[in-house]
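Since every read-out is calculated from the coordinates, none of them should be taken as a lab result. Keep in mind the model is a prediction, meaning the values are calculated, not measured. Using ideal geometry, Cβ is built from the backbone for each residue, glycine included, and neighbour counts are taken over all protein chains shown.
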Amino acid sequence: MPEVVSLFKNKVLLLSQTFFIKDNKDELLLCAHKYDFDILFFDQMSDFVTAVESSEGNDLFVIDLDVLYNMQNDMSQQRRQTMFLSDLLQRLPANQNYVYLQTVRQGERFLLQQKLVESNCLAYAEKPITNDMLVDKLFNLFGRHKRGDSNTIIYLGDNAPLDTDMLTQHGVDMIQCFDARSLHLRVKETQPDIVLINETQYLNTEALVRVLKKNIEFDPGREIIMLQDKPEPRLARKALDSGFDEILNATDSDVLTRQLLNRINKIRASKDLISRDRATGLLNKVGLQNKALDMIRRAARMEKPLAYGVIDIDKFKTINDTWGHYFGDIVIKRLSLVLSSQLGEYDLLSRFGGEEFVAVFWDCDLEQGKQKLDAMREAFGKIAFEVTADEIRHFSFSGGVADFPSFKTENDLFLQADAMLYQAKQGGRNQICIKAPEQISVA
């Protein structure tokens, strides 16, 4: 029997005996697949532990605490429940973190929650919780652990009081700026998430924050923070009135770095909510444009090539008209899973609109980008869609690829790749087109 290759890049391992298995399994899977992750169900503790121990990658481990009741039906006393919970926690592999589901039946809730959070708890949720809500929260947890995201802090001043090694470990770049009058240019160039300004720099140039925030391209999600050497309420009030979002104490670099990382995590989560397509869980148009800009800046600094591909499902209007929009949505979701499963660690994927997708490949030249899209195209073409009870169909997509640095901006990359997509459509569909480098002329 040939090996079955999962379409899903991420998995949830769920230990449950009654809450989901009987009534909600199919619906829960349907919701999860829309977000590009699969759910593997376990009703035996030993099987679950074995699967956790052999797990690799970015999996989440979810435990429905109703298993405590199902293991011992006559468990009516809190003392007995706590013993079973302790036994459960002891049997779980200690090198992983877990998501726990609990109901109001688990009495003395705070004591239970305290025990959970002290025992490798990634998060807990209270039931009843709808399938779509649970899947959305799990998707956000996957988002917390995504690799490849890069965030930036700009510091204006001398001797940044930060632990740069800790920032690097959490995917945060720190850029130091020494000239207050050029700060707005550095912010426009690097698009940081946080701007830190030493109080001395602020006192020398009090218009700093107003100059930054009045720029029409200023990101309202960006935080501008003043660092004080010691608390001084009068200066703090003045700084807040001039536009600073927060005042932090700069005396302890470890504490300050941890405070900034907490803020970065919140910024990441907020950006993720507004930058995702709800149907597929992929980046939407806004999310792609923001991340592609960051990727292009990073590629320019590191002198790395990028391949930018635009994909469009062939004859999608016919698919909708023949089998309905619901079936068309299934085709889109299945394509999103195929594309996601073949992404590299630092690649981007977006549902750009309708049946159109964009993939950006890191450290990848034009020909390599074409080869990657061709592999995706072939994988999608092998999927059998049951359009009726006795009829199977296969579908295809066409694509075009452009590359950086031949094209310098995200807009130019899109226009060139889209032109190549048009060429693929005109040439018979179900193919990927590029323009040879010697044919490219960029002003």
Practice task
Straight distance only, please: which lysines reach the Cα of Lys213 with their own Cα at less than 23 Å, same-chain residues fewer than 8 apart left out?
Solution key: Lys188, Lys238, Lys266, Lys271, Lys291
Exercise for the section: Report the calculated FRET efficiency for Glu378 and Asp87 (r = Cβ-Cβ distance, R0 = 56 Å), to the nearest 0.05. Expected result: 0.70
Problem - Net +/- balance of residues flanking Val310 in space, Cβ distance below 9 Å, scoring K and R +1, D and E -1 - result: -3
Practice task
Would you mind telling me the antiparallel percentage of the DSSP bridges in the chain, rounded to 5?
Solution key: 40 percent
Exercise for the section: Enumerate the amide H contacts of Val62 below 5 Å, restricted to partners 5 or more residues apart or on another chain; note that Pro and chain-start residues carry no placed amide H. Expected result: Leu13, Leu14, Leu15, Val99
Handout entry: Taking Cys121, Cys177 and counting other C-beta atoms within 10 Å, the order from fewest to most
Key = Cys121, Cys177
Handout entry: Karplus-derived 3J(HN,Hα), 6.51/-1.76/1.60, for each residue of segment 184-200, Hz, glycine and proline x
Key = 4, 6, 5, 5, 5, 6, 9, 6, x, 7, 9, 10, 9, 10, 5, 4, 5
Practice task
Could you grab the relative contact order for the chain? Cα pairs under 8 Å, six or more apart, rounded to a whole percent.
Solution key: 12 percent
Exercise for the section: Work out which GluC sites (Glu not before Pro) in the chain are exposed loop sites (DSSP not H, G, I, E or B, at most 16 other Cβ within 10 Å) and give the longest gap free of them. Expected result: 346-443
Fill in the blank from the handout: CD proxy, 222 nm, the chain: helix-only mean residue ellipticity via -39,500 (n - 2.57) per DSSP H run with n ≥ 4, per residue, nearest 500, stands at -13500 deg cm²/dmol
Handout entry: Inter-centroid distance (Cα atoms) of segment 152-216 relative to segment 338-367, Å
Key = 31 Å
Exercise for the section: Can you check what the net charge comes to around Pro93, using other residues whose Cβ is under 14 Å from the Cβ of Pro93 (Lys, Arg +1; Asp, Glu -1)? Expected result: -3
Handout entry: Percent RCO, i.e. relative contact order, over segment 285-439, from Cα pairs under 8 Å lying at least 6 residues apart
Key = 30 percent
